[in-house]
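Take a look at the structure set out below.
Readers should treat all values here as calculations from the given coordinates under stated rules, not as data from a laboratory. These numbers were taken from a predicted model, which means no experiment stands behind them. Here Cβ is always computed from backbone atoms with ideal geometry, including for glycine, and neighbour counts include all displayed protein chains.
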Amino acid sequence: MQQLHAHWRMEYIDAPRYPAAMSRPFTELPALGDDRAALIVHRSKLSYLILNRFPYNPGHLLAVPLREVTNLEELSPAERADLFEEIILAKRLLSAALKPDGFNVGFNLGSAVAGGSIAHLHGHIVPRWNGDNNFMPVLGQTRILPQSLEATWVKLAAVAKPGSEPPKAKNPKAR
């Protein structure tokens with residue numbers, strides 16, 4: 001058996017997930033007033049983009065409505081439109097900053113059996129690269145992330161400057 005050494009992972013493993021006192025992180029993190037510490041990449045009028053603290057891949061973003069709801073039907077038409085615009089922006093930011101080959105976009109709806117651990121409705125935007133999934137998640141039940149959340153936040157923040165439009169990806173395969 002070969003050994004895989006990922007020394008940089010310990011910093012991620014030991015890092016606090018969010019302040020222990022938080023019982024509703026999706027409403028409390030935006031109120032911190034420190035988007036970098038909260039890992040919030042962008043805010044709109046009715047929703048925001050935040051890096052997933054338990055990512056499937058580097059750049060895994062969550063699109064979250066500011067108002068706490070549990071079902072899509074509870075969102076007003078304006079909230080639905082705003083949330084979808086955040087998802088589109090997330091895809092554009094990730095394309096500009098990380099140049100993925102594709103994306104998985106979706107929602108976990110319903111109780112924890114649907115895959116979500118927080119009842120507050122949120123959408124997942126997961127960048128994908130050719131060859132990014134190997135035997136580790138299948139056999140080893142381990143996901144290897146080649147980039148820290150902090151480094152990913154810095155890259156996304158650089159292309160999400162207020163008032164600037166991220167460049168549109170001309171060719172998603174171009175690196």
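Distance between the modelled labels on residue 80 and residue 101, one decimal in nanometres: 3.5 nm (7 Å Cα→Cβ projection). Take the Cβ atoms of residue 109 and residue 132, set R0 to 22 Å, and the FRET efficiency comes out at 0.30. Each of the peptides 94-105, 73-84 was scored by the mean count of other Cβ atoms within 10 Å over its residues; in descending order, highest first, they stand as 94-105, 73-84. Taking amide H as placed 1.01 Å from N in the peptide plane, residue 47 has its amide H under 5 Å from the amide H of 66, each at least 5 places away in sequence or on another chain. Spacing of the modelled spin labels on residue 70 and residue 154, each 7 Å from Cα toward Cβ, amounts to 4.1 nm. The stretch between residue 43 and residue 27 holds 4.5 nm of extra length on full extension. This uses 0.36 nm per residue minus the Cα-Cα distance.
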